[in-house]
Amino acid sequence: MTRTSKFLITAASLAMAAGLAACNNDPPKSASAADSNDVIAQYKANPKYADFINGDKISGYVFASPETQAMQDDEFENPGMLAVQDGEAEWNKVEGAAGKSCASCHGDAAKSMKGVAVTYPKYEPKMGKLAALEHRINLCRTEYMKAPALKWDSKPLLGLDAYVEYQSRGMPINVKIDGPAAPFFEKGKEFYYTRRGQMDIACAQCHEQNAGKNLGVENVSQGQSNGYPTYRLKWQSFGSLHRRFQGCNQEVRAQPYPRGSDEYTNLELYVAWRGNGLKSEAPSVRR
């Protein structure tokens, strides 16, 4: 990292700290804060966004620029569709000592995987804990294909994740937080509201208290996860929700957890629950 890029990151972090400072109670009444509710109301009143809003829950698509929205809407322009194509190839690829592919057990993904991704994360008895979709894909590989687990955010795993997610595109997020998932949900909720890092900022301070306000050139979203995995313009690449969690932690100068960690998987469940009812958009395009 160059000295210039370090300076820019520091400047951005200080700007965020200034913009979100002292959110113990209500956010400060600045010009951008005063019209935050008006901005949200305008989004809700716009019929263009009817499919991207469910009550008070608003997809990140709504907060994106018209150019970014157009890129997501056109499957020929959406770079995330390349990951879906990669995933289809991986789905039919025979690997491991068992001589099987995903298709060997699950057949046509358009039928067998429809409605599956929108229920994750969920409790996985074989693991004895919460599993994200990526965990479940790797469990299938190691248990039934006798193939090695794939690295988080590797091209093969991102492709399979995108391909399975794509089969549920347009279906509402529907994660469960009761039963064996309940204690993991509570841990994820605690993470979401805990201040962390040198900036002493919690997830909720950006995505609940300040949604709709401007942070630099960005319109702060509600931090919904219904579009992940996503092609992020900032990354110039396709990536997972846990990669985004790491980025958020780094922006507040907190030590990030590994992708696939229990901490981020628990947080993923809480964030997904916040968006229950929003339609899945994966693969989406985000700034």
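Under Stokes-Einstein, with the Kirkwood radius over Cα pairs standing in for Rh, what whole-number D in µm²/s applies to segment 146-244 at 25 °C and 0.890 mPa s?
152 µm²/s
Cα convex hull of segment 32-92: mean projected area in nm², to one decimal?
Its Cα hull, projected and averaged over all orientations, spans 5.7 nm².
Less than 19 Å from a label point 7 Å out along the Cα-to-Cβ axis of LYS176: which backbone N atoms in segment 256-280 qualify, by residue?
266-278
Measure off 7 Å from each Cα along the Cα-to-Cβ vector at TRP235 and GLU218, then give the distance between these two points in nanometres to one decimal.
So the two model labels end up 1.3 nm from each other.
Would you kindly derive the ³J(HN,Hα) couplings of segment 242-251 from the backbone phi angles with the Karplus curve 6.51 cos²θ - 1.76 cosθ + 1.60 (θ = phi - 60°), listing them in order in whole Hz, with x for Gly and Pro?
3J(HN,Hα) across segment 242-251, in whole Hz: 5, 5, 5, 4, 4, x, 4, 4, 5, 5.
When all protein chains stay in place, what accessible area (Å², nearest 10, 1.4 Å probe) is found for LYS57?
Here the residue's solvent-accessible area equals roughly 60 Å².
Tell me which residues come under 5 Å, amide H to amide H, from ASN78 once H is placed; ignore anything under 5 positions away on its chain.
So ASN78 has HN proximity to no qualifying residue.
For the chain, what is the charge dipole size about the Cα centre, in debye to the nearest 20, if Lys and Arg each add +1 at the Cβ and Asp and Glu each add -1 at the Cβ?
580 debye
Given a Förster distance of 35 angstrom, what is the FRET efficiency for GLU75 paired with SER261, based on the Cβ-Cβ distance and rounded to 0.05?
With R0 = 35 Å, the Cβ-Cβ based efficiency is 0.60.
Students sometimes get this wrong: rank LYS114, LYS129 by accessible area, probe 1.4 Å, all chains present, largest first.
LYS114, LYS129
So if each residue of separation counts as 0.36 nm, and I subtract the Cα-Cα distance between HIS106 and LYS146, what length gain in nm does that give?
Extra length from HIS106 to LYS146 when fully extended: 12.8 nm.
Which of the three applies to segment 75-152, rounded, prolate or oblate, going by the alpha-carbon gyration tensor with a ≥ b ≥ c and a/c under 1.5 meaning rounded?
In terms of gyration-tensor shape, oblate.
Quick one: 3J(HN,Hα) in Hz for segment 203-217, Karplus 6.51/-1.76/1.60 with θ = phi - 60°, rounded, Gly and Pro as x.
Values per residue, Gly and Pro as x: 3, 5, 5, 7, 8, 10, 6, 10, 4, x, 8, 8, 10, x, 8 Hz.
Taking only protein heavy atoms and a 1.4 Å probe, what accessible area per residue, in Å², does the chain have with all protein chains in place?
49 Å²
When only the heavy atoms of the protein chains count and the probe is 1.4 Å, how do PHE52, PHE185 rank by accessible area, highest first?
The most accessible residue leads, giving PHE52, PHE185.
For a 31 Å ceiling on Cα separation, which of these pairs sit above it: LYS57/LYS129; LYS44/LYS151; LYS151/LYS213; LYS93/LYS189; LYS122/LYS213; LYS114/LYS151?
LYS44/LYS151; LYS151/LYS213; LYS93/LYS189; LYS122/LYS213
Taking a cut-off of 13 Å between Cα atoms, list the aspartates and glutamates near LYS48, but don't count ones fewer than 8 places away on the same chain.
Partners found: ASP73.
If you roll a 1.4 angstrom probe over the protein chains with everything in place, what fraction of the accessible area of the chain belongs to carbon and sulfur, to the nearest %?
53 percent
Mind listing the phi-derived Karplus ³J(HN,Hα) values for segment 85-93, rounded to whole Hz, using 6.51, -1.76 and 1.60 with θ = phi - 60°, and x for any glycine or proline?
After applying 6.51 cos²θ - 1.76 cosθ + 1.60, I find 4, 4, x, 5, 5, 5, 4, 9, 8 Hz.
If you compute semi-axes √(5λ) of the Cα gyration tensor in Å for the structure shown, which of [x] 32, 21, 19; [y] 46, 24, 17; [z] 39, 20, 18 do you land on?
Correct label is [x].
Using +1 at the Cβ of each Lys and Arg and -1 at the Cβ of each Asp and Glu in the chain, identify which of GLY55, TYR123, ALA147 lies farthest towards the dipole's positive end.
ALA147
The values are calculated or read from the model by the stated rules, or taken from the named source; none is laboratory data. Predicted model, so just to flag it, every value in this text is computed and none were measured. In this analysis, Cβ positions are derived from the backbone assuming ideal geometry, glycine residues included, and neighbour counts consider all displayed protein chains. These area figures cover heavy atoms from the full protein model, side chains too; ligands, DNA and RNA do not enter into them. Shrake-Rupley method; radii C 1.70, N 1.55, O 1.52, S 1.80 Å.
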